[in-house]
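Please treat every number below as a calculation from the coordinates, not as lab data. This is a predicted model, so every value here is computed, not measured. Virtual Cβ from ideal backbone geometry, glycine too; neighbours counted across all protein chains shown.
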Amino acid sequence: MKNHSILKYFFGLLLSLTFIISTTAQAADTIKIGIAGSHSGDLASYGLPTVRAAQLVVRNINAKGGVNGKRVELVIEDDACKPELATNVATKLVSARVHAVIGHICSGSTKAALRTYKDAKIIVISPSATNPELTMSGQYPNFFRTIAPDDTQARLATNFAMQTLKFTRFAIIHDKGDYGKGFAEYAYKFIKSSGKGQVVLYEGITPGAVDYSAIVQKIKYAKADAVIYGGYHPEAASIVQQMRRKGMKTAFISDDGVKDQTFIKVAGAYAEGVYASGPKDTTRNPLAVAAIAEHRKGYGSEPGAFYLNAYAAVQAVLNAMNKARSTDYNAVAKALRTYQTDTPLGKIKFNKQGDAVGAGFSIYQVRKGAYVELK
Amino acid sequence: MNFFWDLFLGGITRGSIYALIALGYTMVYGILELINFAHGEIYMIGAFTALIAASILTMQGLTGISVLLLAMVIAVLYSSAYGYSVEKIAYKPLRQAPRLSPLISAIGMSIFLQNYVMLAQTSDFLPFPDLLMDVELPEAIAEWIAPSEFMIVVSAAVLMICLTLVLKFTKMGKAMRAVAQDREMAMLLGINVNRIISRTFIIGSALAAIGGVLIGSHVGRINFYIGFAAGIKAFTAAVLGGIGSIPGAMLGGLVLGLTESFATGYVSSDYENVFAFALLVLILIFKPEGLLGRSSQQKV
């Protein structure tokens, strides 16, 4: 009996405390950032590093006086990477009036939750959802991410070819494998939808064939400005070599299956000038080194998956609120797309679709027998 | 220069290489009724030998066509030795065995040689020097054809003419034809059948080695696995032309090379192999003995 009443008091206390906290929170006018992801279950290891990254960034920011003079507060919710839980989490965060959400972790739950956030006009930045559709579909203008989607390489390569190199006629060749063909299909789609380029040839080749002279002739007669090749280095080396021997100056742009020293070794002098995309090197970024050291100091362990992406996501959204001088949806979204943020992933901002520009992959070019990252 | 001509040249070039290798298949089949699956590997070994020889020769300060010729001679000698040894080790002890046994032995030899080269050399692709590009052509020809294509087509043509002459007019050629027609009868007439078989392997291997050097130099890269793809295509060419028939192998190689080239050029490279093998199936349906093959009755 006695125990029972203590429990009652305890719960009563707890309930009233929550009321106190929420009212004080409202009163103090904080910036609330929702952290949604898998914090329990099989995929907890994907979600927890994001929580820690957010806590570290927010602690640093608050120590410096917060954003726009307001303290930043985290609201952490667990969706266990389950789409059905994710919608509940989204509803909860919306009713908690968060200003932005970092998450969700898995592409499936992110997609499930996005509609709710979109209706409530809340910005969502995922550190880990790579499904291309999330940004590509254009359905979610409130969605951003700091990880490269599965189609990044193709997007990077085609944008580079069309905008930087100003090419308009493309021959897209692939090796019929999952990786190479996937790259080629996205490249085809991007060039078609951009309206700025024309795909004059789209074909698969047989890996390991005796020679590729016929396809090289086709490229030549299609009068392509550039070949976009999806596949690995042995066939790429052959095609480049046969093109150059025929005196063709057609540019050759490929993926990170070709960004390999073996390619240069085999193609020799013919490799010169070839473009290939490859993952950006973050290990030498001092901010990344510092962020990892911070995690070690704070939690006594190595950071887990997507830690740097989450770190960058929180920094980016807070920086955008700072630049926009408000937490208004339109202003922050615009700021995310306009201003660069210095993060462990490098200087990033977001494109129209919401993908991070400046994170993930870079274009490299063979210069004097080595791949050089183009800035 | 137009698209058709370029495709035609590419097809002839590729077809010449197929034909050179196919000759090895067809000659061995003509005499032993054996499909020498290790033949593609001999071609690959020829390419590797030439690569090693060319690097050493270049280091010695030689340049141009002398490197090409010397490397080719070394490759021919080395590959012939391999071809000879393969026959002695893998096929000769099985001469009286059922026909399936040497076939399995051939497949085993092929796998052995591939892995041997992979372990002894490397599993990576290696760059092959542009030996053929150093050849200078008169301007009138250079306008129409690249030096490497020219060299491949001409070398293949010269070799095939030589082979035909050897088979037609020399004593050894006569003996080879006799063994192909009827081994036992040839033996009764005093022909040393084993020696003829060895020579057949040596000639076939030499042709494959030259093919290896030419194509290696043309495409600029080799690895231990190139013998497989080339071997399959050359074997297809041999069957297409009529296995056992020497002009058939030449014709089969050219037809296959041209088909692939035109299929890629006018349809799509996605269908390169589809067209090549559809052609094979069609020819085998309407002319089961191949383009130039003689129909043979099954011996009872």
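Observations
- Cα gyration tensor category, rounded, prolate or oblate, for chain A with a/c compared to 1.5: prolate
- The order of the peptides B:24-35, B:250-261 by mean Cβ neighbours within 10 Å, most packed first, is B:250-261, B:24-35.
- Ratio of Rg to Rh for the protein assembly as shown: 1.15 [Cα atoms; Kirkwood radius as inverse mean 1/r over pairs].
- Contact order relative to length of chain A, as percent, for alpha carbon pairs under 8 angstrom and 6 or more apart: 17
- Convex hull volume of segment B:1-132 per residue (C-alpha atoms, cubic angstrom): 138
- For segment A:329-375, a Kirkwood hydrodynamic radius built from all Cα pairs, placed in the Stokes-Einstein relation at 25 °C and 0.890 mPa s, yields a translational diffusion coefficient of 201 µm²/s.
- For A:Y202, the residues whose modelled amide H falls within less than 5 Å of its own, excluding neighbours fewer than 5 places apart on the same chain, are A:I172.
- Going from the fewest other Cβ atoms within 10 Å to the most, the residues A:C81, B:C162 appear in the order B:C162, A:C81.
- Over segment A:152-273, relative contact order from alpha-carbon pairs under 8 Å, at least 6 apart, %: 28
- Rounded to whole Hz, the Karplus (6.51, -1.76, 1.60) HN-Hα couplings of segment B:177-189, x for glycine and proline: 5, 5, 5, 5, 6, 7, 5, 5, 4, 4, 4, 4, 7
- Computed over segment B:3-286, Kirkwood Rh from alpha-carbon pairs, angstrom: 19.2
- Exposure proxy shown here: for B:L282, B:L94, B:L69, the number of other Cβ atoms within 10 Å sets the order, fewest to most, as B:L282, B:L69, B:L94.
- Proximal lysines to A:K218, defined as alpha-carbon separation beneath 17 angstrom and excluding residues fewer than eight positions away on the same chain: A:K246, A:K249
- The relative contact order of segment B:3-286 comes to 40 percent, based on Cα pairs under 8 Å that sit 6 or more residues apart.
- Over all pairs of different C-alpha atoms, segment A:152-273 has a mean inverse distance whose reciprocal, the Kirkwood radius, equals 14.0 Å.
- Per the Cα gyration tensor, segment B:184-270 maps to an equivalent ellipsoid with semi-axes of 32, 18, 9 Å, ordered largest to smallest.
- The alpha carbons of segment A:231-302 give a radius of gyration and a Dmax of 18.8, 60 Å, in that order.
- Rounded to 5, percent antiparallel among DSSP beta bridges of the protein assembly as shown: 35
- Applied to segment A:226-231, the Karplus parametrisation 6.51 cos²θ - 1.76 cosθ + 1.60 on θ = phi - 60° returns per-residue 3J(HN,Hα) values of 8, 9, 10, 10, x, x Hz, with x for Gly and Pro.
- In order along segment B:258-275, the Karplus-derived 3J(HN,Hα) couplings, from 6.51 cos²θ - 1.76 cosθ + 1.60 at θ = phi - 60°, round to 5, 4, 4, 5, 6, 4, 5, x, 9, 10, 6, 5, 4, 9, 3, 6, 4, 5 Hz, and Gly and Pro are given as x.
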